[in-house]
Amino acid sequence: MKKTIVVYGSTTGTCQEFAEQIAQKLGVSDVMNVAEMNADTLTGYDNLVIGTSTWGAGELQDDWYDGVEALKSVDLSGKTIALFGCGDADGYSDTFCGGMAEIYKAVKESGAKVIGQVAADTYTYDDSEAVVDGKFVGLALDCSESEGKSENRIDDWLDSIRPEL
Ligand SMILES: Cc1cc2nc3c(=O)[nH]c(=O)nc-3n(C[C@H](O)[C@H](O)[C@H](O)COP(=O)(O)O)c2cc1C
């Protein structure tokens with residue numbers, strides 16, 4: 001696997017826990033809160049595994065507003081990006097994991113290869129900006145589901161992206 005970092009934004013710790021789980025399963029030791037990240041951080045990595053929780057109505061986790069500006073300021077061409085997001089499909093069914101869509105929009109034209117889309121029909125929700133052509137732009141994790149179900153989703157997702165990292 002090429003040089004990989006997991007970066008997350010998390011207000012109450014849920015997305016951080018998912019990020020740590022993902023990093024541990026990938027065997028990656030570089031796990032960073034986006035609040036600590038700057039443009040220079042990103043230049044040293046081939047693979048960016050990027051996660052955000054969703055706040056407001058389908059919006060980014062607060063620390064990602066500066067993070068997105070950092071992402072946009074870096075030449076991402078040649079890098080591989082895998083996105084994950086956590087949200088609550090039960091409580092926020094119309095804007096489920098919308099924060100992930102905001103990061104996707106920031107990187108989709110960057111020249112990076114965005115991997116790890118997940119079929120949307122395995123989730124129960126009403127609407128999400130993070131769905132493009134029937135797929136979530138990355139791994140959506142639903143905190144209204146059981147921990148076991150989320151862990152299965154993480155395992156399946158990592159199996160699908162590992163060969164590309
Ligand atoms: C005020 C508020 C707004 C939220 N808005 C959304 C939303 O629009 N979509 C969604 O999927 N989840 C939404 N959530 C759920 C959070 O994304 C969820 O609790 C998540 O696990 C928080 O992760 P964090 O602690 O890592 O920030 C919201 C939660 C709160 C408290």
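Figures for the structure shown
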read-out: Considering only the chain, percent of DSSP beta bridges that pair antiparallel, nearest 5; value: 20
read-out: Given charges at beta-carbon only (K, R positive; D, E negative), |dipole| of region 74-145 in Debye; value: 540
read-out: Area accessible to solvent at VAL132, 1.4 Å probe radius, in Å²; value: 60
read-out: Exposure of ASP126 as accessible area (Å², to 10), given a probe of 1.4 Å and all protein chains; value: 110
read-out: Expected 222 nm ellipticity per residue - DSSP helices of 4 or more, -39500 (n - 2.57), all of the chain, to 500; value: -9500 deg cm²/dmol
read-out: Shape metrics for region 1-96, restricted to C-alpha atoms - Rg then Dmax, Å; value: 13.2, 38
read-out: Positive-end residue of THR122, GLY98, ALA39, charge dipole of the chain with Cβ unit charges; value: ALA39
read-out: For the chain, average projected area of the Cα convex hull in nm²; value: 8.2
read-out: Reachable aspartates and glutamates, given that their alpha-carbon falls under 15 Å from the alpha-carbon of LYS108 and they are not under 8 places away in the same chain; value: GLU69, ASP75, GLU129, ASP133
read-out: Nearest-10 value in Å² for the accessible area of THR80, using the 1.4 Å probe; value: 20
read-out: Cβ-defined net charge surrounding LEU158, 13 Å radius [Lys, Arg +1; Asp, Glu -1]; value: -2
read-out: Accessible surface, the chain, averaged per residue in Å² (probe 1.4 Å); value: 47
read-out: Radius of gyration, Dmax [region 126-165; alpha carbons; angstrom]; value: 11.5, 32
read-out: Fraction of beta bridges assigned by DSSP in region 1-65 that are antiparallel (%, nearest 5); value: 20
read-out: Accessible-area order (highest first, 1.4 angstrom probe) of the listed residues ARG162, ARG153; value: ARG162, ARG153
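The values are calculated or read from the model by the stated rules, or taken from the named source; none is laboratory data. Note that the structure is predicted; figures quoted are calculated from it, not measured. As a convention, Cβ positions derive from the backbone with ideal geometry for all residues, glycine included, and neighbour counts pool all protein chains shown. Remember, those area values only see protein heavy atoms, side chains included, never the ligands or the DNA or RNA. Shrake-Rupley method; radii C 1.70, N 1.55, O 1.52, S 1.80 Å.
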